Amino acid sequence: MGELSETRWAEGDPAFLLEEGVGYVREWARAQHAVAEVKDALAATGCVEAMPYLRADVNEFGAGFVELGRVTPQTAALIAQALAEMAARKSVDERAA
């Protein structure tokens, strides 16, 4: 398992059968914490139900991931707006440094 590329590691299928010695629980917990952060951020914007399919999972290699699922166009626009604002802020911060 040590020879896997980072891309393959991240793209593995969800873990349906668990292999002994792989840290599934730790990585799932990391993904679950990220899900909680996204849910908190959505709640802060008043969009609690904007991502109903949001969930944590772990792949066959033991790498945690967050499944965002299907979203409405309004939710996608909200995500795009937030990312654009973050990029603009980063650009301003870089110029100031």
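The values are calculated or read from the model by the stated rules, or taken from the named source; none is laboratory data. Note that the coordinates shown come from a computational prediction; the quantities given were computed from them, not determined experimentally. Cβ placement follows ideal geometry from the backbone for every residue including glycine, while neighbour counts extend to all protein chains displayed. Note: accessible area is taken over every heavy atom of the protein model, side chains too, but ligands, DNA and RNA are not part of it. Shrake-Rupley method; radii C 1.70, N 1.55, O 1.52, S 1.80 Å.
Pairs linking a residue in the stretch 38-52 that is free of Cβ contacts under 8 Å to residues at least 12 places away in the same chain to a residue that is hydrophobic (A, V, I, L, M, F, W, C) and open to solvent by 60 Å² or more (accessible area, probe 1.4 Å), with Cβ atoms under 8 Å and 6 or more positions apart or on different chains, are LEU42/VAL48.
Whenever a residue of the stretch 74-97 is at positive phi, it has no partner that is among the aliphatic types (A, V, I, L, M) and assigned to a helix (DSSP H, G or I) lying with C-beta atoms less than 9 angstrom away and at least six residues away or across chains. Answer yes or no: is there a residue in the stretch 72-95 that is touching a Pro at 6+ places or on another chain (Cβ under 9 Å) and surrounded by 12 or more Cβ atoms within 10 Å (Cβ to Cβ). No. Looking across GLY69, GLY64, one residue alone is open to solvent by less than 70 Å² (accessible area, probe 1.4 Å) and at positive phi. It is GLY69.
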